[in-house]
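Each remark here refers to the structure printed beneath this line.
The values are calculated or read from the model by the stated rules, or taken from the named source; none is laboratory data. Because the structure is predicted, anything quoted here is derived from the model rather than measured. Reconstructed Cβ throughout: ideal geometry from the backbone, glycine too, with neighbour counts over all protein chains shown.
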Amino acid sequence: MSPRGDQLAAPARFRAASLARIAKAAGIPRHISPHSLRHAAITNALDAGVPLRDAQILARHADPRTTEHYERARGNLDRHGVHFLTAYVAGV
């Protein structure tokens, strides 16, 4: 089920299940969704110094103000489980 209560399509269920297996292999007990992984990729790009416009293109945001929300929220996301997963996948 999606956060809205809708049933996920088969490809989305497969991605979510794959992500759950990777998180479990990494020893991450928290739930991690494909959306949170996408959010972490954009946030990590901003942390790495990628310009906001380039992060906007990466995120496929039509409005730069949407990407600016990631910029403002960076300070409180570093403890989220998905950041541990991205480090695991990156081999850090």
Practice task
Scan region 21-36 residue by residue and report those that are over 20 Å from Pro64 (Cα atoms), of a type outside the set (Lys, Arg) and assigned to a helix (DSSP H, G or I).
Solution key: Ile22, Ala23, Ala25, Pro34
Practice task
Kindly check whether there is at least one residue in region 47-62 that is on the phi > 0 side of the Ramachandran plot, at pLDDT below 75 and out of contact with any strand residue (DSSP E or B) (no Cβ under 8 Å at 6 or more places or on another chain).
Solution key: no
Handout entry: Residues that are modelled with pLDDT of 75 or more, small (Gly, Ala, Ser) and surrounded by fewer than 14 Cβ atoms within 10 Å (Cβ to Cβ), drawn from region 1-40
Key = Ala17, Ser18, Ala25, Gly27
Fill in the blank from the handout: Those residues of region 64-79 which are more than 24 Å from His31 (Cβ to Cβ) and modelled with pLDDT under 65 amount to none
